[in-house]
Amino acid sequence: MDVLVVDHPLAQTRLTVMRDARTDSGVFRAALHELTTMVVYEAARAFAVEQFPISTPVAPTQGTRLANPPLIVPVLRAGLGMADSALALLPESSMGFVGLARDEDTYEPRAYMESLPGDLSGLPVLVLDPMVATGGSLVHCCQLLVDRGCTDVTICCVLAAPEGIQRLKDSGLPLRLVTASIDEGLNEKMYIVPGLGDAGDRQFGGM
Ligand code: URA
């Protein structure tokens, strides 16, 4: 699995704002929007393009467009804050949604919402989830996509723990990961360290 770390200075300043415990939710969301633009921009370097004829006011020439715009899939709830900026960069894309919860009995991730096309063969998918912690829920989400025929999944996140990256690699699924940082690891509560806390609570307030 390819892993790309977006270590651009402007990405790191937005990440610092998000890590800082003093940052309020409005500023946190604004930093997440801007950082998502940078992470998706770097992820899109690998996208295939095709040429097509256009005319400028001066002369005919060749234009460039994405050959196969990806389906964007934010993972609810924390991925919601990345959805607008990804779609703004990829206006040709459509959006699906996956909502994941932990099953109270088995502790395994369970999808409570799968709003996805039935057939994903030939369609690249961009999964948005700010935190790759254990990787368990993301593997579950990506398996849903692969079960629908997807063979090309790019996960865009803000922070990834080495344990989560290993879990994604071990899944054997056709994945690529783009992140703004690989942090030290997980604590006993499965929070990323140093991390930024609960990405959903930081955006939307605690429940
Ligand atoms: N999910 C979060 O929101 N934060 C973490 O640190 C780990 C998982």
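The mean sequence distance of close C-alpha pairs (under 8 Å, at least 6 residues apart), as a share of the length of the chain, puts its relative contact order at 23 percent. For segment 157-207, the square roots a ≥ b ≥ c of the C-alpha gyration tensor eigenvalues yield an a/c of 1.5 or more together with a/b exceeding b/c, which makes the shape prolate.
Across segment 190-199, rounded Karplus estimates of 3J(HN,Hα) from the backbone phi angles (6.51 cos²θ - 1.76 cosθ + 1.60, θ = phi - 60°) give 6, 8, 6, 10, x, x, 8, x, 8, 5 Hz, Gly and Pro being marked x. Couplings 3J(HN,Hα) for segment 147-157, derived from phi with the Karplus relation 6.51 cos²θ - 1.76 cosθ + 1.60 (θ = phi - 60°), are 4, 8, x, 6, 10, 8, 10, 10, 9, 9, 9 Hz, where x marks Gly and Pro. Can you work out the PRE-style zone for R102? Point 7 Å along Cα to Cβ, and I want the residues of segment 156-174 with backbone N under 19 Å. Counting backbone N atoms under 19 Å from the label point, the list is 160-165, 167-168.
Would you mind classifying segment 1-122 by shape? Square roots of the alpha carbon gyration tensor eigenvalues, ordered a ≥ b ≥ c; an a/c under 1.5 is rounded, otherwise it is prolate if a/b is larger than b/c and oblate if not. The shape class here is oblate.
For segment 114-207, the gyration tensor built on C-alpha atoms gives a prolate shape. Its axis ratio a/c (a ≥ b ≥ c) is at least 1.5, and a/b is the larger of a/b and b/c.
Taking GluC sites (Glu not before Pro) across segment 145-207, the ones in a DSSP loop with at most 15 further Cβ atoms lying within 10 angstrom of their Cβ are E184, E188. Using alpha carbons only, how many angstrom separate the centre of segment 36-88 from the centre of segment 165-191? Value for the Cα centre distance between the two parts: 25 Å.
Peptides 91-98, 78-85, ordered by how many other C-beta atoms sit within 10 Å of their residues on average, highest first, read 78-85, 91-98.
Count the DSSP beta bridges whose two residues both fall in segment 32-100, then state the antiparallel fraction as a percent rounded to the nearest 5. Of all bridge pairs located within segment 32-100, approximately 70 percent are antiparallel. Segment D84..Y112, full-extension length gain: 7.9 nm, with 0.36 nm per residue of separation and the alpha-carbon distance subtracted.
For V127, the residues 5 or more places off, or on other chains, whose built amide H falls under 5 Å of its own are V73, T154, I155, C156. Annotation: amide H-H contacts under 5 Å for L4 (H modelled 1.01 Å from N, sequence separation of 5 or more, or interchain): L177, V178, T179. Highest mean packing comes first when the peptides 110-120, 165-175 are listed by Cβ atoms within 10 Å, giving 165-175, 110-120.
Extending 7 Å from Cα along the Cβ direction at S93 and again at I54 yields two label points whose distance is 2.0 nm.
Taking every DSSP bridge with both residues inside the chain, close to 40 percent are antiparallel. For L76, the residues whose modelled amide H falls within less than 5 Å of its own, excluding neighbours fewer than 5 places apart on the same chain, are V98, G99, L100. Among Y107, Y41, the order by Cβ neighbours within 10 angstrom, fewest to most, reads Y107, Y41.
Laboratory data are not the source of any read-out in this text; all were calculated from the coordinates shown. Not measured: the values here are computed from a predicted model. Cβ sites come from the backbone with ideal geometry, for glycine too, and all protein chains shown count toward neighbours.
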